[in-house]
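Take a look at the structure set out below.
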Amino acid sequence: MDKPNKRPKNILKLEETVVNRIAAGEIIQRPANALKELLENCLDAGSTSIQVTVKDGGLKLLKIQDNGSGINKEDFPIVCERFTTSKLQKFEDLNAIGTFGFRGEALASISHVAHLTIITKTSEMQCAYKCSYHDGKLIGAPKPCAGTQGTQIVVEDLFYNVPTRKNSLKSPSEEHNRIIEVVTRFAVHNASVGFSLKKLNDNGSDVRTSPNSTQEDNIRILYGHAVAKDLIKLQVEDPGLKVKVNGLISNVDYSGAKFTILLFINHRLVESTPLKRALDSVYAIYLAKGKHPFVYLSMEIAPNCVDVNVHPTKHEVHFLNEDAIIHKIQSSADMLLKAASTSRSFAVQTVIPPISFLDKQQSKVAGAKVYDKQLVRTDSRDQKIDKFLSTTMESMPPSSSNQSHNFINQTSMESSEEPVAAVFQLKETEKRIPSEAERAIQGVPDCSNSTMGHRSSVAQGIVERRQFELTSLTQLREDVKKNTDQVLRDTFKDSIFVGCVSEKHCLIQYGTRLYIFHMERVAEEFFYQRFLDEFGNCGVICLSDPPPLYNLALMALDQEENEWRPDDGPKDHLANLASQLLFSKSEMLDDYFSLQINEKRHLVAIPLLLVDYIPDLTQLPSFVLRLASDVEWNVEKDCFDTICRVMARFYRKPNNHEVLNVGSDKNWKWTVEHVLYPAIKASLLPPKAWINDGTILQIADLPDLYKVFERC
Ligand code: ADP
Ligand code: MG
């Protein structure tokens, strides 16, 4: 066997052209990159018309003709040298912008990996000139030729001298598609410029927009009517964060197979994975699984706040206050979508049957079909209803038949004077939903026509949220923030939902780890935070047959879990007090929490916090009782805190449409996976205590499992 040669090899300095070629190969990775740079130059030169012609996906030919300023004759020799730029006099402002281009590197790089020809004419020149470049240098003298004002850049045989790069590229048609994407994006963003893209010798064009069109026009032409028809305008401005965002985003009725995002920062086409993820998670709340939105955003950030040195092609950027800015955009999108979704009609018709329905005998009289579908089941062998009514899994008796019968018996309410109205039916939207303006005039949302509404006023897609300068509220929100565990936040944020193990426990995956968490605790905390966030801005879920508070409180007192004892006083007296107390607070409850009580002391509406989410209505009686008994009404901060806690406790469990089986086949599992968890993922700030109290537990880690397998 040969001995390995131990002598060190001599270190040789690489030739400059080789260095430049390597550098160029890193910057210009494919035809679409080169095109992006060249388009930016055209726009920088003030062009209003840009025509792109390509052959073989840009590998054979990439020709860009513009009608911009042209290039001065004296610059011909240096225009393709590295670090030459005409954008110097405004270097201070353009520093950051220049870094998006390559500080005079684009043309230089291209000339190292392709045959480059420039034909250009300024307004002062008598005729146009044609110059050819090789490795950054002008070859021969510029040749006078015919031509109109502007510049034509011709790039031929890209990567002819970098075969490895050329071979690594996908097919010409794939490269052509990427070119279409780039031109399309630029055309949307620069609506006042006319773009065209065509293949050499083809008559038709792949992209064509006219100058002075609008962004909406161009989205319609380039992405189709389905995308363009219901776009929502997104606008965010925050002088503190030095950011201004304008955008057009698809609404809840649009669902694409893939996420289309057009992101421009300071008018440069870029990518930002965290922003994309954040938006996807917002849309996940509104769109069906596997469906994605269309988003166009143009951000303007103070140039010195942008860091482009993340990726060699500088497409992926980071910016100062990234989390805060992304959060702003995310919540603005969420608000707009929430408002837009009020115009959708909800197909759910959720019924807790009237008390009489709960009696099997009676149900036969009134028609079996209705009862079988709508009844809360009374069959003691049926596990579903038992689980549904139990408060904790741990305390659930092996057979909870007594409990369920108790509930049913207790709801028969013989003692009640008023007729029992236990039908909490959410009406389907039959009529026109009143405009937000109309509702604003009426003061309260009109519940008679819609099942779910939103308080924010929507005018041409812009939502005005009510702002409250309440110290107590700010403090509560601050407390949540201060108490957040960042690691857990990231775990939830980047987790994948695996499934519900039971009504109380769910599995999620984060990286290679599997976690089990206590759904009710997590959901309760989530809703608590949501109530603080949506303070004064909640939507409404109307109960079409409003139940009297008195009856609800009385029902709750009859339930074992609420632990009424004789020395508490007579039940009807307590129920009366509860009803009176809540009625006296009704103005505040409505204004801040969208909990509406009418003159007759009937509960008219409960808050809407998540679209498509209705809390477990079997808990409504307990909720009313707790609201009356567990809230600290006298101190403002404690009052808001305890109301939010009581509300959150009620909301932590979704209504089970399957059990009630009316108008929807979406059971609680579906709601947890598709409505609740995506929302938790997007915004929950997990408290530090959860690390140690068993709310979330790691149950497996792939590397550890491998270790176990290795031992076997
Ligand atoms: P940068 O854009 O960072 O200045 P480039 O290598 O892309 O660097 O371009 C170098 C210079 O060439 C530009 O500063 C500009 O003066 C000139 N230039 C390039 N393309 C055009 C064009 N289409 N129209 C007018 N001038 C151009
Ligand atoms: Mg440039």
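The values are calculated or read from the model by the stated rules, or taken from the named source; none is laboratory data. Predicted model only: the values in this text are computed from it and were never measured. A quick note on method: Cβ atoms are made from the backbone with ideal geometry, for glycine too, and the neighbour counts reach across all protein chains shown. Protein only, heavy atoms only, side chains kept; ligands, DNA and RNA dropped before computing areas. Shrake-Rupley method; radii C 1.70, N 1.55, O 1.52, S 1.80 Å.
N576: assigned to a helix (DSSP H, G or I), free of Cβ contacts under 8 Å to residues at least 40 places away in the same chain and either touching a strand residue (DSSP E or B) at 6+ places or on another chain (Cβ under 6 Å) or of a type outside the set (D, E, K, R) (or both), yes or no?
So N576 fits the description; yes.
If I filter region 133-140 for residues that are within 16 Å of ligand 2 (Cβ to nearest atom), buried (at least 17 other Cβ atoms within 10 Å of the Cβ), touching a residue at least 40 places away in the same chain (Cβ under 8 Å) and over 30 Å from N266 (Cα atoms), do I get at least one hit?
Scanning region 133-140 turns up at least one residue that is within 16 Å of ligand 2 (Cβ to nearest atom), buried (at least 17 other Cβ atoms within 10 Å of the Cβ), touching a residue at least 40 places away in the same chain (Cβ under 8 Å) and over 30 Å from N266 (Cα atoms).
With (1) free of Cβ contacts under 8 Å to residues at least 24 places away in the same chain; (2) within 32 Å of the chain's Cα centre (by Cα); (3) at negative phi as the list, and G511 as the residue in question, which single condition is left unmet?
Result: G511 passes all but (3).
Which residues, counting only those in region 206-233, are under 21 Å from S332 (Cβ atoms) and either buried (at least 18 other Cβ atoms within 10 Å of the Cβ) or of a type in the set (V, I, T) (or both)?
Filtering region 206-233 for residues under 21 Å from S332 (Cβ atoms) gives 215-216, 219, 227-228, 230-233.
Answer for region 206-233, where residues must be under 21 Å from S332 (Cβ atoms) and either buried (at least 18 other Cβ atoms within 10 Å of the Cβ) or of a type in the set (V, I, T) (or both): Q215, I219, V227, A228, L231, I232.
Quick one: which of V236, V162, V193 is within 25 Å of L43 (Cα to Cα), among the β-branched types (V, I, T) and surrounded by 15 or more Cβ atoms within 10 Å (Cβ to Cβ)?
On inspection, the qualifying residue turns out to be V193.
Checking Q89 against (1) surrounded by fewer than 18 Cβ atoms within 10 Å (Cβ to Cβ); (2) within 12 Å of ligand 1 (Cβ to nearest atom); (3) modelled with pLDDT of 90 or more, which single condition isn't satisfied?
With respect to (1) surrounded by fewer than 18 Cβ atoms within 10 Å (Cβ to Cβ); (2) within 12 Å of ligand 1 (Cβ to nearest atom); (3) modelled with pLDDT of 90 or more, Q89 is out only on (3).
Find the residue count for region 510-545, including only residues that are open to solvent by less than 30 Å² (accessible area, probe 1.4 Å), assigned to a loop (DSSP other than H, G, I, E, B) and in contact with a strand residue (DSSP E or B) (Cβ under 8 Å, 6 or more places away or on another chain).
The qualifying residues number 3.
Could you list, ordered by first residue, the pairs with Cβ atoms under 6 Å in which the first is in region 42-65 and touching a residue at least 40 places away in the same chain (Cβ under 8 Å) and within 12 Å of ligand 1 (Cβ to nearest atom) and the second is assigned to a strand (DSSP E or B) and of a type in the set (D, E, K, R), at least 6 apart or interchain?
That search, which allows pairs on different chains as well, returns C42/D66; S47/D66; I50/D66.
Identify, from the list E658, E599, the residue that is surrounded by fewer than 17 Cβ atoms within 10 Å (Cβ to Cβ) and either at pLDDT below 90 or touching a Lys or Arg at 6+ places or on another chain (Cβ under 8 Å) (or both).
Of the residues listed, the single one that is surrounded by fewer than 17 Cβ atoms within 10 Å (Cβ to Cβ) and either at pLDDT below 90 or touching a Lys or Arg at 6+ places or on another chain (Cβ under 8 Å) (or both) is E658.
With among the small types (G, A, S), touching a Gly at 6+ places or on another chain (Cβ under 9 Å) and under 30 Å from R21 (Cα atoms) as the only criterion, which of S171, S210 stands out?
Selected residue: S171, the only one of S171, S210 that is among the small types (G, A, S), touching a Gly at 6+ places or on another chain (Cβ under 9 Å) and under 30 Å from R21 (Cα atoms).
Yes/no per residue for (1) closer than 30 Å to M299 by Cβ; (2) outside any loop (DSSP other than H, G, I, E, B):
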residue: N161; (1), (2): no, no
residue: N167; (1), (2): no, yes
residue: S173; (1), (2): no, yes
residue: R178; (1), (2): yes, yes
residue: E181; (1), (2): yes, yes
residue: V188; (1), (2): yes, yes
residue: S192; (1), (2): yes, no
residue: K198; (1), (2): no, yes
residue: D202; (1), (2): no, no
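Within region 291-307, which residues are open to solvent by less than 50 Å² (accessible area, probe 1.4 Å) and modelled with pLDDT of 85 or more?
H292, P293, F294, V295, Y296, L297, S298, M299, I301
Looking at region 623-638 only, could you name the residues that are part of a loop (DSSP other than H, G, I, E, B) and touching a residue at least 24 places away in the same chain (Cβ under 8 Å)? Quick ask: steps written out before the conclusion?
Within region 623-638, the first condition is being part of a loop (DSSP other than H, G, I, E, B), and the residues that meet it are 630-635.
Passing the criteria: only W633.
Just to verify a result, which residue in region 20-49, among those that are small (G, A, S) and more than 33 Å from the chain's Cα centre (by Cα), is nearest to ligand 2 (Cβ to nearest atom)?
Residue satisfying both the conditions and the ranking: A45.
Right, I71: within 16 Å of ligand 1 (Cβ to nearest atom), surrounded by fewer than 20 Cβ atoms within 10 Å (Cβ to Cβ), modelled with pLDDT of 70 or more and outside any helix (DSSP H, G or I) or not?
Considered against the rule, which asks whether it is within 16 Å of ligand 1 (Cβ to nearest atom), surrounded by fewer than 20 Cβ atoms within 10 Å (Cβ to Cβ), modelled with pLDDT of 70 or more and outside any helix (DSSP H, G or I), I71 comes out as no.
Take the conditions part of a loop (DSSP other than H, G, I, E, B), modelled with pLDDT under 95 and in contact with a helix residue (DSSP H, G or I) (Cβ under 8 Å, 6 or more places away or on another chain) and apply them to Y283. Does it pass?
No, not satisfied.
Can you name the residue in region 245-281 that is without any contact (Cβ under 8 Å) to a residue 40 or more places away in the chain and touching a strand residue (DSSP E or B) at 6+ places or on another chain (Cβ under 6 Å) and is also most open to solvent (accessible area, probe 1.4 Å) among such residues?
Ranking the candidates gives K258 first.
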